[in-house]
Structures are given as structure tokens and as C-alpha cells.
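The values are calculated or read from the model by the stated rules, or taken from the named source; none is laboratory data. The structure displayed is predicted, hence computed values, not measured ones. Virtual Cβ from ideal backbone geometry, glycine too; neighbours counted across all protein chains shown. For accessibility, only protein heavy atoms count, side chains too; no ligands or nucleic acids. Shrake-Rupley method; radii C 1.70, N 1.55, O 1.52, S 1.80 Å.
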Amino acid sequence: QVRLVESGGGLVQPGGSLRLSCTASGRIFSINAMAWYRQAPGKLRELVATISSGGTTNYGDSVKGRFTISRDNAKNTVYLQMTSLKAEDTAVYYCNADIAPWGTPVGRPYWGQGTQVTVSS
């Protein structure tokens, strides 16, 4: 069974930094695009950043210039380096990846369980 597991969330002060990791495991044939989303209480889930299999990145306007998404294909892992954190960044952060398992002709989205990031003094 394919699964995604996030780690690295926690409490950080405004202006601080945090790095999130998400690792895919299971019988994986290929991983295409990977992404980070977040959802704050009472708000819709928001796209934070995406990275293609070739390394092309895109960012939501609210995090552009502050967050960096990267991936290590050998480790089946995607990272989100967050800097200059603001209180508005407080949310549950979810890893997403388009994955084709062995024996499946096409990929589909998989989601991690989420990790809480709280930015507060």
C-alpha cells in the first residue's frame, strides 16, 4: 500500500523557520508532481507549493519568496523549507503526490495525514 507521511511540524515564533518533510513508501512505480497544501481552521484548503518531476516549482502568492519546495527522488521525499514565518501561516500542512503504484497504469493523488504548524509568540 502506498502511503505518505509528513514530519517536521511544530511550534515556531514569528520570523522563525521550519522544514517539513514528506516521504512516500510502498510499491511505487513512479512519482510525478508533488505538492504541499495547508488548511487553517474555518478556511478552505490552500495550495502552498508544487514541484514537478523535472524540478519546476510554483508557489502560492501568500508564501512566494518565503517558502521553498524541493524533492529528493532517490528518497521519495518532498520538503518544504519555510522561513520568515507569520502567524497567518498557522495551519495543518498536507503533503500531496501523484503516484503510480506497481501494477497500476496511471497515477492518482495520494495525501499524507497532515502535520500541524503553529506560528505564535
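Here LYS43 is the anchor, and the lysines within straight C-alpha reach of less than 29 Å, apart from those fewer than 8 places off in the same chain, are LYS64, LYS86. Please give me the summed charge of the neighbours of ASN32: other residues whose Cβ is under 14 Å from its Cβ, Lys and Arg +1, Asp and Glu -1. Around ASN32, the charge tally is +1.
What is the antiparallel percent of DSSP beta bridges lying wholly in the chain, to the nearest 5? All intermediate terms of the calculation are to be shown ahead of the outcome.
On the way: 41 of 44 bridges.
The antiparallel proportion sits near 95 percent.
Note on exposure: ILE69, ILE31 ranked by accessible area (1.4 Å probe, complete protein assembly) read ILE31, ILE69, with the most exposed listed first. Think of a 1.4 Å ball rolled over the protein heavy atoms: region 5-121 then has 53 Å² of accessible area per residue. Here's the list of aspartates and glutamates a cross-link from LYS75 could span, going by alpha-carbon distance under 16 Å and ignoring same-chain residues fewer than 8 apart: GLU6, ASP98.
For region 7-103, the Cβ-based charge dipole about the Cα centre amounts to some 100 debye (Lys, Arg positive; Asp, Glu negative; other atoms uncharged). Share of carbon and sulfur in the accessible area of the chain stands at 50%, probe radius 1.4 Å. For the residues LEU85, LEU11, LEU47, a GNM of the chain with alpha-carbon springs under 10 Å puts the largest fluctuation on LEU11.
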